[in-house]
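The values are calculated or read from the model by the stated rules, or taken from the named source; none is laboratory data. Predicted, not measured: the structure shown is a model, and the values here were computed from it. All Cβ positions, glycine included, derive from the backbone under ideal geometry; neighbour counts span all protein chains shown.
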Amino acid sequence: MATIEIDDEVYEAIQLPDGERSAVLKRELAVSLYAQDVLSLGKARALAGLSAQEFQELLGEREVPQHYDETELAEDIEYAQ
């Protein structure tokens, strides 16, 4: 598993309870990278730690259009196996 280093001062400044910071940061990163077409839907969903329905709902709430092509379908099928 890879890790991302965040300066302690910045991490502590995130105004969320300690137990929620990591999950929120993963969701935010997943949405941002998906919106920029850097991650596929399946990989972004995995990063966010959400079910397909939950991630699609999150994208809808954020008004992020879904872009889904044959490559992403293949990645999702591979990830599901």
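Give the residue, chosen from V31, V10, that is of a type in the set (A, V, I, L, M, F, W, C), at pLDDT 95 or above and in a helix (DSSP H, G or I).
Details: V10 fails: at pLDDT 95 or above.
Only one candidate qualifies: V31.
Given the structure, is A2 small (G, A, S) and surrounded by fewer than 12 Cβ atoms within 10 Å (Cβ to Cβ)? Give the steps one after another, and end with the answer.
Numbers: small (G, A, S): yes; surrounded by fewer than 12 Cβ atoms within 10 Å (Cβ to Cβ): yes.
Yes.
Kindly evaluate E54 against the criterion of being among the acidic types (D, E), part of a helix (DSSP H, G or I), within 24 Å of M1 (Cβ to Cβ) and modelled with pLDDT of 95 or more.
Criteria met by E54.
Restricting to the range 54-81, name every residue that is more than 17 Å from A23 (Cα to Cα) and of a type in the set (S, T, N, Q).
Residues satisfying the conditions are Q66, T71, Q81.
Across the range 28-42, which residue is farthest from A74 (Cα to Cα) among those that are surrounded by fewer than 19 Cβ atoms within 10 Å (Cβ to Cβ) and either touching a residue at least 24 places away in the same chain (Cβ under 8 Å) or of a type in the set (A, V, I, L, M) (or both)? Walk me through it before giving the result.
Keep residues of the range 28-42 that are surrounded by fewer than 19 Cβ atoms within 10 Å (Cβ to Cβ), which gives 28-29, 32-33, 35-38.
Those left that are additionally either touching a residue at least 24 places away in the same chain (Cβ under 8 Å) or of a type in the set (A, V, I, L, M) (or both): 29, 33, 35, 37-38.
Values: L29: 22, L33: 19, A35: 19, D37: 16, V38: 16 Å.
So, considering only residues that are surrounded by fewer than 19 Cβ atoms within 10 Å (Cβ to Cβ) and either touching a residue at least 24 places away in the same chain (Cβ under 8 Å) or of a type in the set (A, V, I, L, M) (or both), the one farthest from A74 (Cα to Cα) is L29.
Run L73 past the list (1) surrounded by 13 or more Cβ atoms within 10 Å (Cβ to Cβ); (2) more than 8 Å from the chain's Cα centre (by Cα); (3) in contact (Cβ under 8 Å) with a residue 12 or more places away in the chain and report the number of the one that doesn't hold.
(3)
Restricting the first residue to the range 2-14 and requiring it to be closer than 12 Å to L25 by Cβ, which pairs with a second residue that is hydrophobic (A, V, I, L, M, F, W, C) and not in a loop (DSSP other than H, G, I, E, B) meet a Cβ separation below 9 Å and a spacing of at least six or different chains?
As it stands, the answer is I4/L25; I4/L29; I6/L25; Y11/L25; I14/V24; I14/L25, since those pairs meet every condition given.
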